[in-house]
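Student: One structure follows; several queries about it will come next.
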Amino acid sequence: MTRALQRGRCAGVFFLGLLLLAGCASERRAAYSDTESAQKRATLSMYAAQPYEPYPIPALDVTKIDPALLRQIVDYPTAEQTGTIIVDTPNHFLYLVLGEGKAMRYGIGVGRQGFSWSGRARIGDMQAWPKWFPPAEMIDRQPELEPYRDNGMEPGLQNPLGARALYLYQGNKDTLYRLHGTNEPWSIGKSLSSGCIRLFNQDIIDLHARVTLDAPVVVIADPSTHMAPVSERPPGPQRPA
């Protein structure tokens, strides 16, 4: 009887242990599921519709976007000061330095003008829902843009500059380099035939709210363009965005 009782007790302890292990595993799965759900809710909130803008912005379907291109805080050790914008054109990312080895990262689309130079600049102007003045050479290639040659295109969801624009200056000279929204969200993460540096409208609104005039900007060149550093070339003639 004593051996049977001992075996019974051992079996009971064994099964109790299994139950405890199963309970712990279940709690870990639940905790992981809760964390994952919270992250999904946060992402959906970041890219939700913005109906209170002057031109209401529709929600972004994040299920169709590479998660790496969505706004997120990442490890980013750098000697640049907090508040600096770093445009990494080769990798299609823009970083806002937060300090302590962290940065807010945004996915970007890079157009021909975005590859036109590299170097250091500052935010010389910031506009919400800017007008768009297409370059003369673009109008020459696309005659349908002729109506916008002198007065530009009015703000709105069809405007290529989107909801916000940040204008880069060197001293008092406009570099013609812009960080702006886009009406083509599919273009983020790609190299384009026109435009400068595009962000999702929700992202450029977020960036616009975080930076101030005269914030430093560093633009990293794409080595495949073989362009001279901006310090070696005079800025182009001034003209509207």
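Student: What is the residue count in the stretch 160-186 for residues that are surrounded by fewer than 18 Cβ atoms within 10 Å (Cβ to Cβ) and not in a strand (DSSP E or B)?
Tutor: Our first condition is that a residue be surrounded by fewer than 18 Cβ atoms within 10 Å (Cβ to Cβ); within the stretch 160-186, this holds for 171-173, 183-184, 186.
Those still in the list that are not in a strand (DSSP E or B) too: 171-172, 183-184, 186.
Residues flagged as surrounded by fewer than 18 Cβ atoms within 10 Å (Cβ to Cβ) and not in a strand (DSSP E or B) within the stretch 160-186 amount to 5.
Student: Scan the stretch 140-153 and tell me whether some residue there is assigned by TED's automatic domain parsing to the domain that holds Asp222 and either at pLDDT 95 or above or hydroxyl-bearing (Ser, Thr, Tyr) (or both). It would help to see each step written out before you state the result.
Tutor: Of all residues in the stretch 140-153, those assigned by TED's automatic domain parsing to the domain that holds Asp222 come to 140-153.
Applying the additional criterion that residues be either at pLDDT 95 or above or hydroxyl-bearing (Ser, Thr, Tyr) (or both) yields 148.
Within the stretch 140-153 (the criterion being assigned by TED's automatic domain parsing to the domain that holds Asp222 and either at pLDDT 95 or above or hydroxyl-bearing (Ser, Thr, Tyr) (or both)), the answer is yes, since at least one residue qualifies.
Student: Kindly provide the set of residues from the stretch 130-150 that are touching a residue at least 60 places away in the same chain (Cβ under 8 Å) and in contact with a Gly (Cβ under 9 Å, 6 or more places away or on another chain), ordered by number. Lay out the reasoning, then the answer.
Tutor: Here is the first cut: in the stretch 130-150, the residues touching a residue at least 60 places away in the same chain (Cβ under 8 Å) are 130-133, 135.
Within the stretch 130-150, Pro130, Lys131, Trp132, Phe133 meet the criteria.
Student: Pick out, from the stretch 76-153, the strands (runs of 3 or more DSSP E) lying fully within it that include 3 or more residues that are of a type in the set (Gly, Ala, Ser).
Tutor: Details: elements: 85-88, 93-99, 102-107, 119-128.
Of the strands (runs of 3 or more DSSP E) lying wholly inside the stretch 76-153, those with at least 3 residues that are of a type in the set (Gly, Ala, Ser) span 119-128.
Student: Anything in the stretch 122-137 that is surrounded by fewer than 16 Cβ atoms within 10 Å (Cβ to Cβ) and among the hydrophobic types (A, V, I, L, M, F, W, C)? List them, or say none.
Tutor: Ala128, Ala136
Student: Oh, and also: Being closer than 17 Å to Gln50 by Cα and of a type in the set (D, E, K, R), is that true of even one residue in the stretch 203-211? Break it down stepwise before answering.
Tutor: Of all residues in the stretch 203-211, those closer than 17 Å to Gln50 by Cα come to 203-209.
Filter once more, keeping what is of a type in the set (D, E, K, R): 203, 206.
Looking for residues that are closer than 17 Å to Gln50 by Cα and of a type in the set (D, E, K, R), one finds at least one in the stretch 203-211, hence yes.
The values are calculated or read from the model by the stated rules, or taken from the named source; none is laboratory data. This one's a predicted model, so the numbers in the text were calculated from it and none came from an experiment. Here Cβ is always computed from backbone atoms with ideal geometry, including for glycine, and neighbour counts include all displayed protein chains.
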